[in-house]
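Working notes, beginning with the structure itself.
None of the figures in this text is laboratory data; all of them are computed from the coordinates on show. Just so it is clear, the model here is predicted, and its values are computed rather than measured. Counting neighbours? That spans all protein chains shown, and the Cβs are built from the backbone with ideal geometry, glycine included.
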Amino acid sequence: MNNYKYLILRRISQLSLLFLYFGANAYGWTLLSGTISSSSILGTLPLSDPFAVLQMLAAGAVLSVDVLLGAVIIALFYGIIGGRAFCSWVCPVNMVTDGANWLRRKLYIDKIERKIWVSRNLRYYMIVIALLVSFITGLASFEIISPITILNRGVIFGFGAGAGLLVAIFIFDLFVLKNGWCGHICPLGGVHSIIGKYNLLRVAHTSENCTLCMKCKDICPEVQVLNMIGKRSESVIMPECTNCGRCVDVCDDDALGFDIRNYTKNNLEVTDENVN
Amino acid sequence: MIPDKQKDSRVKKEVKKVQITPRRRFLTSVAQGTGLGVMGGLLWAGYAEKAKGSTLTLRPPAALEEKDFLRTCIKCGLCAEACLHRESNIDKDTLKPRPATLKMAKAQDDATIGTPFFVPTDVPCYMCEDIPCVPVCPTGALDPSLVTNEQDELDFTMMDMGIAVVDPNSCIAFWGIQCDACYRACPLLDEAIKLEYGRNERTGKHAFLKPVVEMDICTGCGLCEKACVTEKPAIFIQPRELALGKPGDHYVKGWDQKDQKRVASQTGKDMTTKTQRSEEKVEDYLNSEVSYE
């Protein structure tokens, strides 16, 4: 029997954030105004996207304190607690690519397609290129093509021609490359992987309970992070894990669950091994 | 026939050539990645240059210069939301809230995607006294110091979004027909737009009341453009850097004390131009090539 606890919680989180942003523009609510690039809670506490700020600095912008403070707040939150949770609990494009993934499973595309191999480290190179292009052009380069902000702004201010990019990403993820956008290309996901590398909240595996059914590996959007399944009882330590909790949902054997990463054990050593 | 020895060495050489060392493998993969990165990066940079959009874009009040504005705006939309929900946003005629002046650019708009701009013919800037759109900017792309006066208050007369330009050929007031729609609509009445009186020579008994924009005072709010009665407005807002010229520092208004002070410390250089001919005196060469016979 499938369990959808974390999936439902994530959709509630993603949709309610969009709803609050929408209401801020449409009805003047102040709880969360702005967009995902930079927001304001109750008109006082700033929150901003650390990657956007980095690009703007690379482009040569002189920024005021508010936006820098906002980026630090976000980086601290994900760095200490959330890990890469932005991608699965906040980012609206996650719903688009999850939709493509769902349809992919329904159509058995995974089983039939001609596999294309693309390095999952591409996103880290994308970060470097994005910063270089920002530096050269004097314009935050990912922010002008980011489907994340296009979808977010579309919900708040109305969609334009940029919505075509979202359709393109859906089709790309569906027919061309599994988890193509979120799992390979998106540099913002890469930035959040780096920010959340040493966070506390992690999925933990108990290999004694595992029956090797591999349902978790089927559903995981970053399947390489589940390399310990059935082998070692330890936390998921690779930074690309988005804490989406789908593996916890689908596990029938109580072998996966959220836990606080225990730094007093030898987990740190394993981290380095796995990253290399 | 090739001697056996030579043959052997040739074969050996060829084998050596195709040997793939880890170093070669590494360098090739680096080159592959670099090629992909350079191609992608150049395409991306090319798109970014195009995406900077047109210089015709009108920005919110207190925006930095376009180049700096583009690199500093984080595209959060807080200014557009503040504009929509400003307290003064009530239409006096219908008593209903007005639409927002500031729009967030979509991909098809002629401005960088996600940046705020306005189109005066759709919704002009109503020049709110508290300028709600500026202080909310988290990045400083809208800089409150640009609209703060000496008393440390926000001053809406210091806004500088653009400048109104009159097309005298299509402005009916320039034809002699009486119209002062733009003059009346201007929030800085009789300051930013003045009426220039003139005699209509064609009829001999009528007057011209021509609208003339005071370039230093006009804020570019666009209320005049919105109010203009012609089919396509004969008075319209242009970005300042586009519509205004620049005389340069070396022209001095001899009748203006301020301008005199500006150049008071400057001294002219004693310049003499020397050519081949300046070796001789004028009288020596002036008539030398002409014979009078």
On C-alpha positions alone, give me the angle between the axis of helix B:22-51 and the longest principal axis of chain B, in degrees, nearest 10. 20 degrees
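Report, for the protein assembly as shown, the % of DSSP beta bridges that are antiparallel, rounded to 5.
95 percent
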Other chains' Cβ within 10 Å of B:132-139 residues: what's the mean? 5
With springs connecting C-alpha atoms under 10 Å apart, model chain B as a Gaussian network and identify which of B:Thr101, B:Thr273, B:Thr203 has the largest mean-square fluctuation. B:Thr273
Nearest-0.05 FRET efficiency for A:Thr206 and A:Thr44 at R0 = 41 Å, using Cβ-Cβ distance, is 0.40
List the chymotrypsin sites (Phe, Trp or Tyr not before Pro) within the range B:202-286 that fall in a DSSP loop (any state other than H, G, I, E or B) and whose Cβ has at most 10 other Cβ atoms within 10 Å. B:Tyr251, B:Trp255
13 Å Cα-Cα reach of B:Lys67 towards aspartates and glutamates, excluding residues that sit fewer than 8 places from it in its own chain: B:Glu49, B:Glu241
If a helix is a whole DSSP H run, which ones in chain A reach 24 Å or further along their own axis (Cα) and hold a mean Kyte-Doolittle hydropathy of at least 0.0? A:5-26
Fraction of antiparallel bridges per DSSP, chain B only, in percent to nearest 5: 95 percent
I'd like the distance separating the alpha-carbon centroids of the range B:193-235 and the range A:152-173, in whole Å. 44 Å
Highest-fluctuation residue, B:Lys75, B:Lys232, B:Lys258 considered, GNM on chain B with Cα pairs under 10 Å: B:Lys258
Amide H partners (placed H, <5 Å) of A:Gly257, local residues excluded: A:Ala204
Relative contact order of chain B (C-alpha contacts under 8 Å, at least 6 apart) in percent is 15 percent
By the 4.7 Å beta carbon criterion, which cysteine residues of chain A come out unpaired? A:Cys87, A:Cys91, A:Cys182, A:Cys186, A:Cys210, A:Cys213, A:Cys220, A:Cys241, A:Cys244, A:Cys251
Using a 10 Å cut-off on Cβ to Cβ distances, tally the other chain neighbours for every residue of B:145-158 and report the average as a whole number. 0
Taking the alpha-carbon centre of each part, the distance from the range A:1-23 to the range B:14-71 in Å is 36 Å
In degrees from 0 to 90, rounded to the nearest 10, what is the angle of the helix B:4-18 Cα long axis to the longest principal axis of chain B? 30 degrees
Per-residue ellipticity at 222 nm for chain A, helices alone: DSSP H runs ≥ 4 residues times -39500 (n - 2.57), over residue total, nearest 500 deg cm²/dmol? -13500 deg cm²/dmol
For the cross-link pairs A:Lys115/A:Lys217; A:Lys115/B:Lys50; B:Lys96/B:Lys226; B:Lys210/B:Lys253; A:Lys106/B:Lys106, which exceed 23 Å when the distance is taken from alpha carbon to alpha carbon? A:Lys115/B:Lys50; B:Lys210/B:Lys253; A:Lys106/B:Lys106
Given labels modelled 7 Å from the Cα in the Cβ direction, how far is it in nm from B:Lys194 to A:Leu31? 5.5 nm
Need one word for chain A: rounded, prolate or oblate. Basis is the Cα gyration tensor (sqrt eigenvalues a ≥ b ≥ c); a/c below 1.5 gives rounded, then a/b vs b/c decides. prolate
Using packing as a proxy for protection, rank A:165-176, A:122-133, A:207-218 so that the peptide with the highest average count of other Cβ atoms within 10 Å comes first. A:122-133, A:165-176, A:207-218
What is the range B:52-160 by shape, rounded, prolate or oblate, if you read a ≥ b ≥ c off the alpha carbon gyration tensor as root eigenvalues and call it rounded for a/c under 1.5, prolate for a/b larger than b/c, and oblate otherwise? oblate
Protection proxy ranking of B:150-158, A:54-62 - average other beta-carbon atoms within 10 Å, highest first: A:54-62, B:150-158
Among all the aspartates and glutamates, which ones have a C-alpha under 16 Å from B:Lys281's C-alpha, if same-chain residues fewer than 8 places away are not counted? B:Glu289
Which listed residue (A:Phe19, B:Gly162, B:Thr139) has the Cα farthest towards the positive end of the charge dipole for the protein assembly as shown, taking +1 on Lys and Arg C-beta and -1 on Asp and Glu C-beta about the Cα centre? A:Phe19
Which aspartates and glutamates have a Cα less than 18 Å from the Cα of B:Lys269, not counting those fewer than 8 places away in the same chain? B:Asp249
Mean other chain Cβ within 10 Å across B:43-52 is 6
